[in-house]
Structure formats: C-alpha cells, structure tokens
Amino acid sequence: MIDLHTHTNYSDGTETPANLVRNAVKAGLRAIAVTDHDTFDGYRAAVEPAREAGLELICGIEISSRLAEKAARPTHLLAYFLSGLPSTAFEEWLAQVQQARRARNERMVLRLQDLSLDVSLAAAESLGRSITGRVHFARLLRDQGYVTSIDQAFELYLGDHAPAFVPMHEPSIEEAIQQVRAAGGLPVLAHPIRLNITPPVAEEALLVRLKEAGLLGVEVYHSDHDPAVAARYLGMARKLNLAVTGGSDYHGEAKPNIQVGSGKQGNVQVPYAILQGLRALRDHHSSVARIAILSGDGHHDEA
Ligand SMILES: [Zn+2]
Ligand SMILES: [Zn+2]
C-alpha cells in the first residue's frame, strides 16, 4: 500500500519528516508522497530518512488556489513531481505565492495594531508556518484573551466584513494547474468532497472545466470520502479519463483520528498500482512533449 497525501510540521502537520517516514514504514507502506501546503521543505527533509529506510518518496505539494474570484475558502490542488523536485521556475512562482500571503498577513497585523491589539506576525507564523492566515491570527487573539473564541475573532476583527479584514490573493486554480503542467508535474484535484458542490452532475461539470484547463487527476480515496463518495469520484475519473489518486491527508497529532496509509478506521487503502498508473501518465506526457519539440510543434507565446 501507499499514501499519496501526507503533511509534516513544515506545513500544518505535527510530525517531523523523519517521524513521518518512520510511521509510514511502521504502517507497512511501500511509498508515500509528502504534500505539504505550498512548500517543498518537508519533502526535502524527508529525502534522506526515506532513503535510509528504503521507503519510496514522491515529491508532492498541496497548493492553495482559488476556484472563483470571490471564493471564501481556498481550493486545494495536489501536484506530483514523480522525477523529483521541479524546476526553479516553479519554485520562483511558489515563492511569489508565499510573498503575496506574507504581504497580506503584514497588512492584517497593521490593521489589528491600529485597533490596539498587540499581535505579531512572527507569533502567527509560528502557528501557521507555510499557510499562515486568518485562522492563526484568530487563535492568537483568543490565546491573548482579546476574544473568547475563534468565531468571535472572525466576527469582531477578521471576518469578510470586519475591520481587520484584508482580501486574500491566492492564484486561480487554472494558473496553478498550468504552472504544475509547465514544470512537468501532475495536477490532481484534492478531496473534492470539501468543495461542497451539489448535485454530482455539478461536480462532474467542474471536473470537465478543470480538465480543459489541464487537470490530470482526481483524489478518489481520502479520509473524508466514505465508500459511496469514493465510488462516485472513481466513476467520474473513469468517465472523464482522469487519473485516480488517494491518500490519508495525515497530519499527525493535529488530526489524531487519521492514520498514515489507512485514513479514518481504514477507509483509505491505496494500492501501489495507483503510483504505477501515475508514472505511466508522466511518461506519456513527457514523450508527447518531446515529440512536440522534435517536430517543431511546441506551444509558442504569441506576442
Ligand atoms: Zn487539503
Ligand atoms: Zn492535505
């Protein structure tokens, strides 16, 4: 078995990369992908422990993106780089995404300070690491006694219509998909159930739209997907010819009911053949790209 969706303490998990590797080996897994939010640092730190443990390690990432212009919550896009870390161009794009997030957080700190709330960016970043955002400021406000709950922090200060609100600038999901593809990665829509789209025909329409934008796969198996939900996404993936992936979304003690490799009470079981399928897909796309270059049929920028 394998697990293609795990987090370390470089994003919002609690385990170090070395401990994640240890837990994966203990669970009897043959391969895992580290898919921290908007950073490869956890993957980088897992390379050596995985090599020593004889565990296959896949380079992955979970990108926060925007499905619609005014989306309230980010949409997660998984990306797999089966040949290892992507190009520096992709890392530069990622650094820009992180810079935009940091600039937003700096503005939020200033607004909170204007409201006489003593909150620092460093304290929020120690909670949120690669994905520091409003919820981490809410926790600080609660922990510092300015509010009694996270909800109250949003109501009084951080919510969309509250005085310290600063809009977020995540990349659109189409931009994220395109960046992943340009870097030779496989973009996969993460845990589609969390998008709360009904009815299923509307979910399928979204997959069609994202496939046209370059999406290559769907996360069919996930701790939040019960068997009926997984079967629904499996059907859509087959119908639309999208790759099937799966993983627990392990976060260590931050989500103690989720086990690496098996999810919630064993609801995630991802066979090694899924990874072989992804490798075949990568080989297909890289040979298509090669043929395009050889025949001078590549995509050119117009103007
Ligand atoms: Zn996610
Ligand atoms: Zn995740």
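Connecting C-alpha atoms closer than 10 Å in a GNM of the chain, tell me which of His136, His191, His251 has the biggest fluctuation.
Judging by the Gaussian network model, the answer is His136.
Rounded, prolate or oblate: which fits region 1-121, taking a ≥ b ≥ c as square roots of the Cα gyration tensor eigenvalues, rounded meaning a/c under 1.5, else prolate when a/b beats b/c?
prolate
Please list, in order along region 195-203, the HN-Hα scalar couplings obtained from phi with the Karplus expression 6.51 cos²θ - 1.76 cosθ + 1.60 (θ = phi - 60°), rounded to whole Hz, x for Gly and Pro.
6, 6, 9, 9, x, x, 5, 6, 4
Using Cα pairs under 8 angstrom and six or more residues apart, how large is the relative contact order of region 94-224, in percent?
About 20 percent, as a whole number.
Show which lysines lie in cross-link reach of Lys70 when reach means a straight Cα distance below 27 angstrom and same-chain residues fewer than eight apart are skipped.
Within the straight-line limit of under 27 Å, Lys70 reaches these lysines: Lys211.
Once amide H atoms are built 1.01 Å from N in the peptide plane, which residues 5 or more positions from Asp3, or in another chain, come under 5 Å H to H?
Ala31, Ile32, Ala33
Cα atoms only, the chain: Rg and Dmax in Å?
19.9, 65
Can you tell me which lysines have their Cα less than 23 Å from the Cα of Lys264? Leave out same-chain residues fewer than eight positions away.
Within the straight-line cut-off, Lys264 pairs with Lys26, Lys255.
List the GluC sites (Glu not before Pro) within region 1-76 that fall in a DSSP loop (any state other than H, G, I, E or B) and whose Cβ has at most 13 other Cβ atoms within 10 Å.
Loop-located and lightly packed - Glu69.
What whole-number volume per residue, in cubic angstrom, does the convex hull of the C-alpha atoms of region 95-158 give?
69
Only helical DSSP H runs with n ≥ 4 go in: add -39500 (n - 2.57) per run for the chain, normalise by residue count and round the 222 nm mean residue ellipticity to 500 deg cm²/dmol.
The helix-only estimate for the chain comes to -14000 deg cm²/dmol at 222 nm.
Per-residue HN-Hα couplings for region 269-284, Karplus 6.51 cos²θ - 1.76 cosθ + 1.60 at θ = phi - 60°, whole Hz, x for Gly and Pro?
So the J values, rounded to whole Hz, are 9, 10, x, 4, 4, 4, 5, 4, x, 5, 5, 4, 5, 4, 4, 4.
Normalised by the number of residues in region 19-100, what is the relative contact order in percent for Cα pairs under 8 Å and 6+ residues apart?
Relative contact order comes out at 27 percent.
Say we join alpha carbon atoms closer than 10 Å with springs in a Gaussian network model of the chain; which of Gly185, Gly84, Gly217 then has the biggest fluctuation?
The residue with the greatest mean-square fluctuation here is Gly84.
Can you tell me, using C-alpha contacts under 8 Å and at least 6 residues apart, the relative contact order of region 95-158 as a whole percent?
Here the relative contact order equals 24 percent.
Counting only residues 5 or more places away or on other chains, whose amide H sits under 5 Å from the amide H of His191 once H atoms are built in the peptide plane?
Amide H to amide H, under 5 Å and 5 or more residues apart or across chains, His191 pairs with Glu219.
Just to be sure I understand: with springs between alpha-carbon atoms less than 10 Å apart, which residue in Pro74, Pro17, Pro227 has the highest mean-square fluctuation in the Gaussian network model of the chain?
Its mean-square fluctuation being the largest, the pick is Pro227.
Scan around Val268 for amide H atoms under 5 Å from its own, H built in the peptide plane at 1.01 Å from N, and keep only partners 5 or more places away or cross-chain.
Sorted by chain and number, the residues that satisfy this are Gly263.
Among bridges DSSP assigns within the chain, what percent are antiparallel (round to 5)?
Taking every DSSP beta bridge within the chain, about 45 percent pair in antiparallel fashion.
Among Tyr272, Tyr250, Tyr80, Tyr146, which comes first, second and so on when ranked by fewest other beta-carbon atoms within 10 Å?
Ascending number of Cβ neighbours within 10 Å: Tyr272, Tyr146, Tyr80, Tyr250.
No value in this document is a laboratory result; all are computed from the given coordinates. This structure is a prediction, so every number in the text was calculated from the model and none was measured. Heads up, the Cβs are rebuilt from the backbone with ideal geometry, glycines too, and the neighbour counts pull from every protein chain shown.
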